[in-house]
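Okay, structure first, notes after.
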Protein chains: 2
Amino acid sequence: MKEVIMRYPNGKVYQGQTNHLSTSSKGKTNFAKRGMKLEEMINQANQWYLLRDKAVIHKKPTPIQVVSVDYPKRSRATITEAYYRSASTTDYNGIYKGKYIDFEAKQTNLKTKFPLHNIHQHQIDHMTNCANHGGICFVLFLFKERDEAYVYPINALLKDWSAFLANEMTAIPLTRIQSKGYQANMGYQPRIDYLAAVDEMLAVND
Amino acid sequence: MKEVIMRYPNGKVYQGQTNHLSTSSKGKTNFAKRGMKLEEMINQANQWYLLRDKAVIHKKPTPIQVVSVDYPKRSRATITEAYYRSASTTDYNGIYKGKYIDFEAKQTNLKTKFPLHNIHQHQIDHMTNCANHGGICFVLFLFKERDEAYVYPINALLKDWSAFLANEMTAIPLTRIQSKGYQANMGYQPRIDYLAAVDEMLAVND
């Protein structure tokens, strides 16, 4: 299957399929689109925070392994062979209230639990490291069907992760996420006000 | 010119030419290689700091605009057309001593000055934003011919940048960098001990 990404009349290229979640099967391509949507929601919130000087948080670019590049004369370099790589960190980081902030965003179509196989060991390791150095670290869970999002602290996640590795748990129940996490308001501007939920989390921890 | 990047026997791909500094002219390709070398030096230092639990600092992936992707059966997605994009932030960020740290690394072959056209407005803006929020922000200058590196604080750079924009300055004299910056030791492990220079900078500012 060859997928050519559309160009808009303004010359900009549609980026919907450049997400690293994109895979070959149709079902997973749908999942990728939904993943992209979450990414857009967070990018929009980050832009909103930046313009209001509330925080400086950016998504890291998707890591891509470039194998072959063409350098046409009088035209910019064209990458002709490249592959998606897996990230060694999380997708988002920056500074908020003078503190380092670092998080991963994940979503599910399930209504009552979040499957842990969607989280990766290197993400856990990276957030643990950052939290040990004093960073604000969490996963932002989106329950798409419920249109509900939660800031879930790394400390709660670490307990679930241990249970997952011990084959005692495959998914975090929504009730636990509601109990240990902080719900983020879903609105128009910003679409996900996750920093308000982070404020609640910081207030509890202070 | 078509450039195929070599694969090592272990199957890993040499990344030397994937740097966004790569361009078409021979002179600039050399510059790119030198740029890569600086990147490797910093990545090595960051790995060294990470293993000693001193800091969690990573280089952000080079942003790439993917235009076309092949999804061959039973094989991973192959990007067949893509372009380098310019970054909206700096190349490096993370957490050090509980603080957000954010910097750009630049090098020159000149011996007595650093040309300001190698720095971009969006990098200045991003570091200014982060510094205003309490982050540690600087440019790490490498004078390759001298094998000397300096941590140069954003506040000093902002003055130079104003003079550059007013056409009053094209390059920062090395003497000014030595006076306002903090020299980083060049050794074996880490190759550039830039965090020791950051410590000096923080001690002065505290």
For A:Leu110 and A:Asn132 in one chain, what is 0.36 nm times their gap in residues minus the Cα-Cα distance, to one decimal in nm? 4.8 nm
Within 11 Å, Cβ to Cβ, of A:Ile172, how many net charges do the neighbouring residues add up to if Lys/Arg are +1 and Asp/Glu are -1? +4
Can you list the HN-Hα couplings for region B:126-133, worked out from phi with the Karplus curve (6.51, -1.76, 1.60; θ = phi - 60°), rounded to whole Hz and with x for Gly and Pro? 5, 5, 4, 4, 5, 5, 4, 8
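Could you work out the local net charge near A:Phe114, counting Lys and Arg as +1, Asp and Glu as -1, over the other residues with Cβ closer than 10 Å to its Cβ?
Values: positive: A:Lys106, A:Lys113, A:Arg176; negative: A:Asp160.
Local charge sum for A:Phe114: +2.
Could you calculate the FRET efficiency of B:Ala166 with B:Asp125 from 1/(1 + (r/R0)^6), where r is the beta carbon distance between them and R0 is 25 Å, rounded to 0.05?
Numbers: r = 17 Å, r/R0 = 0.69.
Result of the calculation: an efficiency of 0.90.
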Amide H to amide H under 5 Å from A:Ala82: which residues, 5+ apart in sequence or cross-chain, H placed 1.01 Å off N in plane? A:Val67, B:Ile79
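Give, as a single signed number, the net charge of other residues whose beta carbon lies under 12 Å from the beta carbon of B:Ala131, with Lys and Arg counted +1 and Asp and Glu -1.
Details: positive: B:Lys99; negative: B:Asp102, B:Asp125.
Neighbour charge sum, excluding B:Ala131 itself: -1.
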Protection proxy (average C-beta count within 10 Å per residue), highest first, orders B:65-75, B:51-61 as B:51-61, B:65-75
Exam field: A:Ser88 pseudo-label spacings to other copies (7 Å along Cα-Cβ), nanometres: 2.4
Trypsin sites (Lys or Arg not before Pro) restricted to region B:90-172 and DSSP loop, no more than 12 other C-beta within 10 Å: B:Lys111
Give a residue-ordered list of calculated ³J(HN,Hα) values for region B:104-116 (Karplus: 6.51 cos²θ - 1.76 cosθ + 1.60, θ = phi - 60°; whole Hz; x for Gly, Pro). 10, 10, 9, 9, 9, 8, 5, 9, 10, 7, 10, x, 6
Just to verify a number: what accessible area does A:Thr128 come out at with the full protein assembly present, 1.4 Å probe, Å² rounded to tens? 40 Å²
Could you derive backbone 3J(HN,Hα) for region B:151-156 from the dihedral phi with the Karplus parameters 6.51, -1.76 and 1.60 (θ = phi - 60°), listing whole Hz in sequence and x where the residue is Gly or Pro? 8, 10, x, 4, 4, 5
Step by step: find N for region A:47-145, compute 2.2 N^0.38 Å, then divide the Cα radius of gyration by it. What's the final number? 1.40
Would you grab the residues whose amide H sits under 5 Å from the one on A:Ile172? Only those 5+ places off in sequence or on another chain, please, with H modelled 1.01 Å from N. A:Phe114, A:Leu116
Once ligands and nucleic acids are excluded and a 1.4 Å probe is used, how much of A:His126 is accessible, expressed in Å² to the nearest 10? 10 Å²
Between A:Lys60 and residues 5 or more places away or on another chain, which pairs have amide H atoms under 5 Å apart, with H built 1.01 Å from N, and which residues are they? A:Tyr92, A:Asn93
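The values are calculated or read from the model by the stated rules, or taken from the named source; none is laboratory data. The structure displayed is predicted, hence computed values, not measured ones. Glycine also receives a Cβ, built like all others from the backbone with ideal geometry; neighbour counts cover every protein chain displayed. Heads up: the accessible areas ignore ligands, DNA and RNA and are worked out on the full protein's heavy atoms, side chains in. Shrake-Rupley method; radii C 1.70, N 1.55, O 1.52, S 1.80 Å.
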